[in-house]
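Read through the structure below, which is laid out as structure tokens, and then see the notes.
No lab work stands behind these numbers, since they all come straight from the coordinates. None of these values were measured; they are calculated from a predicted model. Note: ideal-geometry Cβ built from the backbone for every residue, glycine included; neighbour counts use all protein chains shown.
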Amino acid sequence: MLGDCSSYQNKGFLVELNALSSHELDIIQRFIVLNIQSLFKECAVPYESPLEWPSLINPSNRKYWFHNHISSKSVRRFTAEQVSKILKFTIFSRLRELLGEFVVSDEELIGYPDVYWRFVRPYEEGDIGPLHCDSWFWDLNPSWNHNSDFKKRTKVWIAILAEVNQNGLVVFPGSHNGHTFSYKVISSENKLKPTIVSPPSMSSSFLVPTNSTDAIIFHDKLLHGGSLNKGSSPRLSFEFTCLHN
Ligand SMILES: O=C(O)CCC(=O)C(=O)O
């Protein structure tokens, strides 16, 4: 059985340490390098060839000059072929023990399970996900694929490159249990996006300590967001949503 399941019920999240093997981590890093490389080719962005993981994350990399090309989620998606390999990672059998049978969501109908990565530069507020509950997106976008076909949704966030207590995901433990936060709605990238109004005090939040390869598995009503990256390197992670009953 996965990690501490009572933590999932009570606090709305649980942490799975070392959710990726070093081989799986290598695969993910290689996929991201390939994604960025093909994006550069598509947009005719000049880059030093060959593009390698160490140079991509190197703090002396001219402040990650390429970052403006990867701001949209649509370019940070793993390809169908990559996703079919990711779905064979051991974390998926562990998730099945916790959730029972599930599917990885494809809410925007890209044609395959939507798994995407994020690259958060040090001290760049705009790179992190703002505070929200994932359920808000589903409530706002009733036409999303499988929106009402499953009773439950669970998000999985996996650190690819992270420094404990310097960066990662901030959660409000227990906030999935009947708390309601108000939000206003904006339209962006062809979908309705919620923005929290009057967020709770950050003193009740918790920066989940995660190192590279650790995963956070959380309830879709849990209030959460990215934490400003106070580390020395970029923070990279990938995420997906499990739909289950
Ligand atoms: O990684 C982040 O900055 C935010 C991630 C997030 O909001 C999510 O996984 O739903």
Computed over the chain: longest principal axis from alpha-carbon atoms vs helix 90-99 long axis, angle to nearest 10 degrees, is 10 degrees
Along Cα→Cβ, 7 Å out, is where each label goes; now give me the distance between the ones at K152 and C5 in nm to one decimal. 0.9 nm
Column: log10 I(q)/I(0), Debye, Cα scatterers of segment 119-185, q = 0.11, 0.14, 0.15 Å⁻¹: -0.38, -0.61, -0.69
May I ask for the net charge around W138, where only other residues with Cβ less than 9 Å from the Cβ of W138 are counted and Lys, Arg are +1 while Asp, Glu are -1? -3
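For S204 and K73, what does the FRET efficiency come to when R0 = 22 Å and r is the distance between their Cβ atoms, rounded to the nearest 0.05? Each step should come with its number before you reach the end.
Working: r = 28 Å, r/R0 = 1.29.
According to the calculation, E is roughly 0.20.
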Contour minus end-to-end for V197 and R30, with contour as 0.36 nm per residue of separation and end-to-end as the Cα-Cα distance? 56.2 nm
Enter the angle in degrees (range 0 to 90, nearest 10) between the Cα long axis of helix 22-42 and the first principal axis of the Cα atoms of the chain, meaning the one along which they spread out most. 60 degrees
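Taking the Cβ of H219 as the centre, find all other residues whose Cβ is under 12 Å away and add up their charges (Lys, Arg: +1; Asp, Glu: -1).
Values: positive: K11, K152, R153, K155, K221; negative: D134, D220.
Cβ neighbours under 12 Å give a net charge of +3.
Near Y47, within a Cβ-to-Cβ distance under 14 Å, what is the net charge of the other residues, with Lys and Arg +1 and Asp and Glu -1?
Values: positive: K41, R62; negative: E42, E48, E52.
Surrounding charge for Y47 is -1.
Starting from the Cα gyration tensor of segment 1-140, take the square roots of the eigenvalues, sort them a ≥ b ≥ c, and report rounded, prolate or oblate (rounded when a/c is under 1.5, otherwise prolate if a/b is larger than b/c, else oblate).
Working: a/c = 1.71, a/b = 1.61, b/c = 1.06.
Because a/c hits 1.5 or more and a/b exceeds b/c, segment 1-140 counts as prolate.
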What are the aspartates and glutamates whose alpha-carbon lies under 12 Å from the alpha-carbon of K193, with same-chain residues fewer than 8 places away excluded? D134, D139
Cα-Cα longer than 29 Å, checked against K41/K221; K63/K85; K88/K184; K85/K184; K11/K85; K11/K230, kept in input order, equals K41/K221; K63/K85; K88/K184; K85/K184; K11/K85
Helical mean residue ellipticity (222 nm; -39500 (n - 2.57) per DSSP H run of 4+; nearest 500) of the chain: -6500 deg cm²/dmol
With a cut-off of 8 Å between alpha carbons and a minimum separation of six or more residues, what is the relative contact order of segment 28-148 in percent? 23 percent
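Compute the projected area of the convex hull of the Cα atoms of the chain, averaged over all viewing directions, and report it in nm² to one decimal place. Could you put the intermediate results ahead of the total?
Numbers: hull surface 51.6 nm².
The orientation-averaged projected area of the Cα hull of the chain comes to 12.9 nm².
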